[in-house]
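Here the structure comes first, spelled out in structure tokens, and everything after it is commentary.
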Amino acid sequence: DPRRLAALAALPLTALYALATGADVPIVRSALAAALGFAGVLLDREVDVLNGLALAVLAVLALEPGAWLDASFQLSFASVAGLAILSGPLRRAIPVPRARAGLLARAGEALLGALCASAAATVATAPIVAYHFRRLSLLAVVSNLVGVPIGSALTVTAALAALASALLPPAAPPLLLLCRPLASLLLWANDLFAAPRWAAVGVGSPGVLGVAAFFGAGALAWRARGLGRLACAGLALCALLLPPHLRHLAAGRRGGLEVTFLSVGQGDAAVLVLPDGAAVLVDGGGEATGRYDPGARDIVPWLRDAGVREVAALFVSHPHPDHLFGLPAVAAAYPGARLFSSGRQGDEVSAAVLARLPPATVLSPGSSWERAGVRFEALGPPEDSAAWTENDASLVLRVTYGATSLLLCGDVEREGEGALLAATAPEKLHVDLVKVPHHGSATSSGWALVRATRPTFAVLSLGRDNRFGFPAPGVVERWKSMGAAVFRTDEGAVRLLSDGKRFRPAPAATALDAVALWRERS
């Protein structure tokens, strides 16, 4: 039987292909599935796709038990399951008879089949994409039609080049040269479908419960018929899109002021969710070399997860990368936010970043802005601070809500702290919560400031194992000695709630599902 001989010859080539292409999870999955198919031919047995997929899952997890936490593992197996389960029903739902004769008709049928396969994979992976990346593509179904054939050709050609380099080196260069136009074409296709602003929409994470509910409702839809199938499909869509809206409703029901100091590496980013549900961002983190953008990577996804629909204002304490560079991504995702600053422009790079933000309203000591009963008042820097360093000239904000207050100190050091203490009434400095100046450096948090503020809570914004050695142990002990509970963002986001009477710590919002948020009470 030539089919059996072909399957016998293909089995070792399948393993060789997996090794030559790096043996990542998608490759191992494909190799195992192919091996199962060839084994079925050898044994004269029909291979069930879902059984084969389950066996591939077990095989991968046996080799690497932690792989199930990897987004690549989840997307890879979900896409194949979607192809196996949904492609056929989707094609049968299209009221076009299957073509059986004629080249043009067969080409149209192939196109319809490819569209159904792409749609099946897109639907099956949607909750995982939303969970990890907080985005959903509106062009995925069409882009797959272009990208998959190119990517497949590139993968095969690259694998052949790798094999040739080991077995017949002179044959490798032509294959590698052929890889270049394929790779360029794939990048061009990616850029083409990513270019429209509407190509992808930002969404909040559905959470683990939302992902589980989506697949549960999808399984029911697969088994149901008629209106029951439509109802289950609607439930799956709600499970995907509804959790952030529930979080938004829960925050509105709870009311009060929610302050979250986000973990953005070695930088500052504080989100204040006001009683009306709008958010205010004070600083946006940043990385001087541009290795990552905490605005796009951390802050915007957090806002979407929390169900924030409006960012009312952006405050930048001073134009240093670790406070400024994450703000443009937030401004782009939430247009219409007002910008407040001390008026400092920083160096050329910082000035260029500021130019990408809305025109700034400059706050001087005593000026303020208020929304939903929350007042933001500038206490510094003074007008004679033009010669100061950017750190000492930080915008210092006193935020009040009811009888509670907090002090956001930017990166002020000795000179800025001294001017703040000299120019501010003692009752304005005594607050419930302090964002510790300059990430807890030894050149800040002098005894005079610590005694004047006497906070219940002190929060350090800093990166884990940062090269500056922040926070200084003496600074941490200084705040503790005044009775403050000290929290650090290098250990995770810090969240505190105010009902207008007192602050209390709470779990970080992104770690909660909608039910837990709904149960919270002031």
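The values are calculated or read from the model by the stated rules, or taken from the named source; none is laboratory data. In this text, all values refer to a predicted model and were calculated from it rather than measured experimentally. Please note: Cβ atoms are built from the backbone with ideal geometry, for glycine as well, and neighbour counts cover all protein chains shown. Quick note on the areas: whole protein, heavy atoms, side chains included, nothing else; ligands and nucleic acids left out. Shrake-Rupley method; radii C 1.70, N 1.55, O 1.52, S 1.80 Å.
Tabulated values for the structure
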read-out	value
Amide H partners (placed H, <5 Å) of Asp411, local residues excluded	Ser394, His438
Nearest 10 degrees, 0 to 90: helix 140-167 Cα axis against the chain principal axis	70
Ranked by how many other beta carbons lie within 10 Å on average, peptides 121-133, 493-505 from highest	121-133, 493-505
Global size of segment 1-156 as Cα Rg and Dmax, reported in angstrom	17.1, 51
Longest DSSP-loop-exposure-free segment, GluC sites (Glu not before Pro), the chain, at most 12 other Cβ within 10 Å	47-382
Inter-part distance where segment 33-84 and segment 290-369 are each reduced to a Cα centre, Å	46
Average accessible surface area per residue within the chain, 1.4 Å rolling probe, Å²	49
J(HN,Hα) series, segment 432-440, from Karplus relation 6.51 cos²θ - 1.76 cosθ + 1.60, nearest Hz, glycine and proline x	8, 9, 10, 7, 4, x, 6, 6, x
Segment 280-403: radius of gyration over Cα atoms, expressed as a fraction of 2.2 N^0.38 Å	1.04
The chain, relative contact order in percent, only Cα pairs under 8 angstrom and at least six apart counted	10
Segment Arg98-Ala212, length gained on full extension (0.36 nm per residue, minus Cα span)	37.6 nm
Net length gained if the chain between Arg454 and Thr389 were fully extended (0.36 nm per residue, minus Cα distance)	20.8 nm
Percent carbon-and-sulfur accessible area, segment 100-167, ignoring ligands, DNA and RNA, probe 1.4 Å	73
Normalised convex hull volume, segment 85-156, alpha-carbon set, Å³ per residue	122
Sites Asp347 and Glu310, calculated FRET efficiency, Cβ-Cβ separation with R0 45 Å, nearest 0.05	0.90
Segment 37-123: chymotrypsin sites (Phe, Trp or Tyr not before Pro) in DSSP coil with no more than 15 other Cβ atoms inside 10 Å	none
Amide H within-cut-off set for Leu339, under 5 Å, with H built and near neighbours excluded	Leu314, Thr361
Net dipole in debye of the chain [+1 Lys, Arg Cβ; -1 Asp, Glu Cβ; about Cα centre; nearest 20]	1920
Point-charge dipole on Cβ atoms (K/R +1, D/E -1) for segment 470-509, about Cα centre, debye to 20	200
Helical mean residue ellipticity (222 nm; -39500 (n - 2.57) per DSSP H run of 4+; nearest 500) of the chain	-16500 deg cm²/dmol
Amide H contacts of Ala458 (H built 1.01 Å from N, under 5 Å, at least 5 apart or other chain)	Val434, Ala485, Val486, Phe487
